[in-house]
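Engineer: Take this structure, written in structure tokens, and hold onto it; I'll ask about it next.
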Amino acid sequence: MESISIFEIIKVGIGPSSSHTMGPWRAALSFLNHLNKNKQINEVTEIKTYLYGSLAKTGLGHGTDKAVMLGLSNEDFLTIDTDKIDETIDQINQNACINISEDHAIPFNYKQHILFEFKKCLDYHPNGMRFDASLSDGTTVSREYFSVGGGFVVTHASDQIAQNPIKTEYPCHTQKDLLDNCNKLNLTISELVMLNETAWQSEAETRKQALYIWNEIKNCIFRGVNKSGLLPGGLKVRRRAYDLNKKFLKGQKFNNVADWIKAIKKGPKDFNTVNKWISVFALAVNEENASFGRIITAPTNGASGVIPAVLMYAHCFTPNFDEDEIVKFILTAGEIGTLYKKGATISAAMGGCQAEIGVSSSMAAGALTEALGGRKEQVCQAAEIAMEHHLGMTCDPIGGLVQIPCIERNSMGAIKAITASNMALESDSSAARLSLDNVIQVMWETALDMKSKYKETSEGGLAKIPVNIAEC
């Protein structure tokens with residue numbers, strides 16, 4: 001089996017969904033690249049996009065239509081000014097055309113060129129889409145893509161588990177592999193991950209990238225606590241991180257993230273206060289995510305608040321938690337995420353919310369345990385405990401929006417991760433009766449048994465509760 005870099009699991013993304021926004025965006029860019037390679041881009045007269053399964057049923061709430069339009073416009077979600085997304089979409093609709101290359105524009109009519117196939121599903125994965133490009137000679141170029149979670153996109157022809165697959169010297173596809181290699185080389189889990197990452201880049205570059213992720217996490221949380229008002233989408237969900245942050249810091253305002261963190265560190269550290277700050281951190285990220293903001297996909301956007309909340313908690317409220325511990329945390333979290341990606345799923349459309357919040361909580365629990373000096377067996381135990389208490393969690397977003405219950409679930413996932421870590425750190429891991437491998441297998445079996453209405457279709461669970469949604 002191919003190895004996955006941890007930076008494919010934890011990476012910079014854009015909200016509100018890795019599978020429904022980033023994946024379709026990447027697929028649209030891939031389709032343009034396919035046309036370019038075959039020197040057909042300037043012959044295109046029209047492109048129709050068909051969205052199937054979960055992409056159709058919750059696509060509007062997840063911004064799938066906008067993602068496709070932006071991808072076909074050659075915009076990059078890593079660099080686009082997120083504050084100008086709505087303006088760009090408005091321009092496409094007003095001009096009734098999309099520039100698929102620098103010197104070639106094609107007509108665009110929203111109702112004619114983005115088609116939601118609510119009653120159809122492609123056979124490979126619930127998140128399927130097809131692009132049909134009509135050429136000037138009357139022929140059509142068609143390609144199907146599948147957004148399989150975490151921003152990963154595959155086709156029938158290139159069914160690879162990672163974007164940059166490599167066979168590392170010490171591959172770890174299971175907990176057993178992880179522990180066996182650590183014992184063989186006398187390394188901690190984060191040291192082993194650092195060694196394997198050299199298959200892609202140097203240790204110095206890996207450390208630099210991990211700290212870049214940390215910097216993006218800090219900035220994302222800081223942006224979130226400094227924005228107020230209603231979230232887009234019609235549910236009229238009010239941002240809460242802003243008011244809570246203002247309350248806990250007694251109205252103090254800060255111009256930069258460093259001073260803001262210093263103020264938090266100087267404040268009370270009683271259990272109740274710390275617990276509330278964890279929720280603020282998670283809420284801030286997921287409110288940014290719900291607003292097409294730039295966030296850290298870890299391993300998905302719907303679960304993007306868990307790892308940042310736990311990491312910021314550790315940085316603010318545990319002693320001597322600085323850059324070395326931050327790097328250990330990110331390396332370990334990413335590696336645990338790869339085990340779920342290879343052994344089960346990180347797609348809510350395949351496995352429900354256990355595949356998102358459950359996985360992110362498991363990643364965070366193991367990572368915190370590693371960074372706080374836990375033994376490798378305790379790291380795996382913490383990850384197992386966290387997932388054990390998310391098994392069977394449904395994905396049932398109201399109105400297809402990544403808001404209710406998604407935002408609060410991130411806060412709960414972070415709390416569970418910290419609790420799981422504390423339990424593992426105080427436990428004799430040799431007495432554990434379940435392994436991380438066991439729980440990953442059970443999570444996958446649960447995913448297969450779960451009815452489709454609980455898998456990001458907004459057809460079951462909380463999504464069935466009648467809620468008045470105003471026009472977007």
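The values are calculated or read from the model by the stated rules, or taken from the named source; none is laboratory data. It should be emphasised that the depicted structure is a prediction, and the values quoted were computed from it without experimental measurement. Cβ: placed from backbone, ideal geometry, glycine included. Neighbour counts: every protein chain shown.
Engineer: Are any residues in segment 254-280 of a type in the set (Lys, Arg) and either outside any helix (DSSP H, G or I) or touching a Gly at 6+ places or on another chain (Cβ under 6 Å) (or both), and if so, which ones?
Structural biologist: Across segment 254-280, the qualifying residue is only Lys269.
Engineer: Does segment 354-371 include one or more residues that are buried (at least 24 other Cβ atoms within 10 Å of the Cβ) and at positive phi?
Structural biologist: no
Engineer: For the condition farther than 19 Å from Gly374 by Cα, among the hydroxyl-bearing types (Ser, Thr, Tyr) and touching a residue at least 40 places away in the same chain (Cβ under 8 Å), what is the one hit in Thr345, Thr318?
Structural biologist: Just one listed residue meets the conditions, Thr345.
Engineer: When Ala133 is evaluated against the numbered criteria (1) at pLDDT below 95; (2) buried (at least 19 other Cβ atoms within 10 Å of the Cβ), which criterion, by number, is the only one it fails?
Structural biologist: (1)
Engineer: Among the numbered conditions (1) surrounded by 15 or more Cβ atoms within 10 Å (Cβ to Cβ); (2) at pLDDT below 95; (3) among the acidic types (Asp, Glu), tell me where Glu197 comes up short.
Structural biologist: Glu197 satisfies every listed condition except (2).
Engineer: Another question about this same structure. Taking Pro24, is it surrounded by 19 or more Cβ atoms within 10 Å (Cβ to Cβ) and assigned to a helix (DSSP H, G or I)?
Structural biologist: So Pro24 passes the test.
Engineer: Out of curiosity, is Val68 assigned by TED's automatic domain parsing to the domain that holds Asp132 and closer than 16 Å to Leu115 by Cβ?
Structural biologist: Yes: the conditions hold for Val68.
Engineer: Select from segment 91-102 the residues that are in a helix (DSSP H, G or I) and either in contact (Cβ under 8 Å) with a residue 40 or more places away in the chain or surrounded by 11 or more Cβ atoms within 10 Å (Cβ to Cβ) (or both) and list them in ascending order.
Structural biologist: Answer for segment 91-102, where residues must be in a helix (DSSP H, G or I) and either in contact (Cβ under 8 Å) with a residue 40 or more places away in the chain or surrounded by 11 or more Cβ atoms within 10 Å (Cβ to Cβ) (or both): Gln91, Ile92, Asn93, Asn95.
Engineer: Mind listing just one residue for me: the one in segment 44-79 that is without any contact (Cβ under 8 Å) to a residue 60 or more places away in the chain and among the acidic types (Asp, Glu) and, of those, surrounded by the fewest Cβ atoms within 10 Å (Cβ to Cβ)?
Structural biologist: The qualifying residue surrounded by the fewest Cβ atoms within 10 Å (Cβ to Cβ) is Asp76.
Residue-by-condition table, conditions (1) in contact with a Cys (Cβ under 8 Å, 6 or more places away or on another chain); (2) at pLDDT 95 or above; (3) within 23 Å of Ile41 (Cα to Cα):
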site	(1), (2), (3)
Lys66	no, yes, yes
Thr82	no, no, no
Asp86	no, no, no
Asn109	no, yes, yes
Phe116	no, yes, no
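Engineer: Would you be able to tell me the number of residues in segment 103-146 that are farther than 30 Å from Lys455 by Cα and assigned to a strand (DSSP E or B)?
Structural biologist: Residues flagged as farther than 30 Å from Lys455 by Cα and assigned to a strand (DSSP E or B) within segment 103-146 amount to 9.
Engineer: Another question about this same structure. Would you please name the residue that is modelled with the highest pLDDT, looking only at residues in segment 219-239 that are of a type outside the set (A, V, I, L, M, F, W, C), crowded, with 19+ Cβ neighbours inside 10 Å and assigned to a loop (DSSP other than H, G, I, E, B)?
Structural biologist: Taking the candidates together, the pick is Arg239.
Engineer: Can you tell me which residues in segment 301-321 are polar (S, T, N, Q) and under 18 Å from Thr82 (Cβ atoms)?
Structural biologist: Filtering segment 301-321 for residues polar (S, T, N, Q) gives 301, 304, 318, 320.
The answer is Asn301, Ser304.
Engineer: Are any of the residues in segment 412-433 hydrophobic (A, V, I, L, M, F, W, C), modelled with pLDDT of 95 or more and farther than 25 Å from Ser304 by Cβ?
Structural biologist: yes
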